[in-house]
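Here's the structure, in structure tokens; my notes come after.
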Amino acid sequence: FHIDPESGELIATKRLDRERRSKYSLLVRADDGLQSSDMRINITVSDINDHTPKFSKLSDPIFSIVFFLPLPYLGSLVAAILATDEDSSVNGEITYIVNSLGQFSIDKNGVLSIKQTLDRESQSFYSLIVQVNDMSSPPAFRYTSTAQVSIILLDVNDNPPSFISPRLTYIPENTPIDTIIFKAQATDPDSGPNSYIEYNLLNPSGNKFSIGTIDGEVRLIGELDRETVSNYTLTIIATDKGQPFLSSSTDIVAIILDINDNNPLFAKKLYKVEIAENTLTGTDIVQVFATDNDESSNGQVRYTIISGNTNSDFRIDSVTGVITIAKPLDREKIAAYSLTVQSTDRGSSPRIDTTIVNIFLLDINDCIPTFELSPYTVNVPENLETLPKIILQVSIF
């Protein structure tokens, strides 16, 4: 400070800084040459808003803070974002604002909290701008500082594995052992070990299938027979490696596809039929029947007479297996027939079976007796002495 010796005006000779020194105590002496008098002058420096709020321990106007959080819950404390202002009174009072789309809030003390439930799988990273203002008046003269706050959510195991693979598969029944017949696939939106998945079969279904614990590949380890078991339901468990672990399951239906591996077998290997020789044409006399355990066209049976059908006296319905008289019969010409009937399935490589149908014609009285050598001529001596005496023997047919 400097005082004018004539006028007594006290003048500041340097810029004052209240934040460095807010008070001064000066001793002023007045002297007329003979006598003097002293006076103490106490000077208090009044504050003006000349300082910007500063975040603690950092001086840059914009800076970044990174927090790593486990999955927080509503109302959880994230951090305390502290700022100070060297001014006094309202010039040094500060307020906090955060732009977080309502997901976070900050109180008057700079405590940042969770305002809405967060989900790392939906959003794992948040970049917030925290703004601090002093309360100088008018608002146009207020100072502002900002800080960038980066929040990274750390994963917790809150999601079980979810299957994305289909639930139906088809397997030909002649599939070789060790063939991969299905691949189970599950996803886990968690991260790290919480997302690592292992697979297991809840029920191996009669030791027919196995599964790779890591790759989820389901392999055939036993022979299949559709005619014995036509489908299997496999329950697959997917388990993550979290602590504690989470798991889920799915049922996979394996449909066994038919191959033509069964013959159309006749119910009997020999049929015996007796009919009167005058049975009318068109009469059904017997039905042969064969079954094929395959399905679809592999199990559809057709019938044919492949031998023994002399003069084509009989016919067979190819679908029903009914044998019918096709022509008039005559026991006196053919007394018996031995038909070989074949059953054939309709697979791409047809399989067959055969049976024998023996048909015996029963006689009816349909022929007039006829003398074999009619007319007969016999010469008989008139002097036969021994009587009676055979003079002729006739025969009929």
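The values are calculated or read from the model by the stated rules, or taken from the named source; none is laboratory data. The structure presented is a predicted model; accordingly, all values stated were derived computationally and were not measured. Neighbour counts are summed over all protein chains in view; Cβ atoms, including those assigned to glycine, are modelled from backbone coordinates with ideal geometry.
Among the residues of region 77-103 satisfying the criterion of being exposed (fewer than 13 other Cβ atoms within 10 Å of the Cβ) and within 40 Å of the chain's Cα centre (by Cα), which is modelled with the lowest pLDDT?
Taking the candidates together, the pick is L77.
Scan Y303, Y337 and give me the residue that is assigned to a strand (DSSP E or B), over 30 Å from A184 (Cα atoms) and either in contact with a helix residue (DSSP H, G or I) (Cβ under 8 Å, 6 or more places away or on another chain) or acidic (D, E) (or both). I'd like the intermediate steps shown before the answer.
Values: Y303 fails: either in contact with a helix residue (DSSP H, G or I) (Cβ under 8 Å, 6 or more places away or on another chain) or acidic (D, E) (or both).
Testing whether each residue is assigned to a strand (DSSP E or B), over 30 Å from A184 (Cα atoms) and either in contact with a helix residue (DSSP H, G or I) (Cβ under 8 Å, 6 or more places away or on another chain) or acidic (D, E) (or both) leaves just Y337.
Take the residues of region 13-47 that are closer than 18 Å to D85 by Cβ and acidic (D, E): which is nearest to the chain's Cα centre (by Cα)?
E19
State which residue pairs qualify: first residue over 29 Å from S89 (Cα atoms) and inside region 1-26, second residue aliphatic (A, V, I, L, M) and surrounded by 10 or more Cβ atoms within 10 Å (Cβ to Cβ) in any location, beta carbons under 6 Å apart, and separation of 6 or more residues or different chains.
So the pair list comes out as I3/L10.
Residue-wise test of (1) within 30 Å of R15 (Cα to Cα); (2) modelled with pLDDT of 85 or more; (3) not in a loop (DSSP other than H, G, I, E, B).
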{"residue": "P61", "(1), (2), (3)": "yes, no, no"}
{"residue": "V66", "(1), (2), (3)": "no, no, yes"}
{"residue": "G75", "(1), (2), (3)": "no, no, no"}
{"residue": "S105", "(1), (2), (3)": "no, yes, yes"}
{"residue": "V130", "(1), (2), (3)": "no, yes, yes"}
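So for region 183-193 (the condition being among the polar types (S, T, N, Q) and within 20 Å of the chain's Cα centre (by Cα)), does at least one residue qualify?
Among the residues of region 183-193, at least one is among the polar types (S, T, N, Q) and within 20 Å of the chain's Cα centre (by Cα), which makes the answer yes.
Can you tell me which residue within region 331-388, out of those that are over 23 Å from V301 (Cα atoms) and among the basic types (K, R), is farthest from the chain's Cα centre (by Cα)?
Filtering region 331-388 for residues that are over 23 Å from V301 (Cα atoms) and among the basic types (K, R), the one farthest from the chain's Cα centre (by Cα) comes out as K333.
Take D366 and decide whether it is of a type in the set (D, E, K, R) and not in a loop (DSSP other than H, G, I, E, B).
Values: of a type in the set (D, E, K, R): yes; not in a loop (DSSP other than H, G, I, E, B): no.
So D366 does not fit the description; no.
Among the residues of region 276-333, which ones are without any contact (Cβ under 8 Å) to a residue 24 or more places away in the chain, surrounded by 15 or more Cβ atoms within 10 Å (Cβ to Cβ) and among the hydrophobic types (A, V, I, L, M, F, W, C)? Before you say what the answer is, go through the steps one by one.
Just the residues of region 276-333 that are without any contact (Cβ under 8 Å) to a residue 24 or more places away in the chain, to begin with: 311-312, 315, 317-319, 333.
From what is left, the residues that are surrounded by 15 or more Cβ atoms within 10 Å (Cβ to Cβ) are 315.
Within region 276-333, no residue meets the criteria.
Take the residues in region 352-385 that are closer than 30 Å to T283 by Cα and of a type in the set (D, E, K, R), then tell me which one is surrounded by the most Cβ atoms within 10 Å (Cβ to Cβ).
Kept after step one, since they are closer than 30 Å to T283 by Cα, are these residues of region 352-385: 352-369.
Those left that are additionally of a type in the set (D, E, K, R): 353, 363, 366.
Working: D353: 18, D363: 12, D366: 11.
If we take residues in region 352-385 being closer than 30 Å to T283 by Cα and of a type in the set (D, E, K, R), then D353 is surrounded by the most Cβ atoms within 10 Å (Cβ to Cβ).
Failed condition for I259, given (1) touching a strand residue (DSSP E or B) at 6+ places or on another chain (Cβ under 7 Å); (2) farther than 30 Å from V341 by Cβ; (3) surrounded by 14 or more Cβ atoms within 10 Å (Cβ to Cβ), with all others met?
(2)
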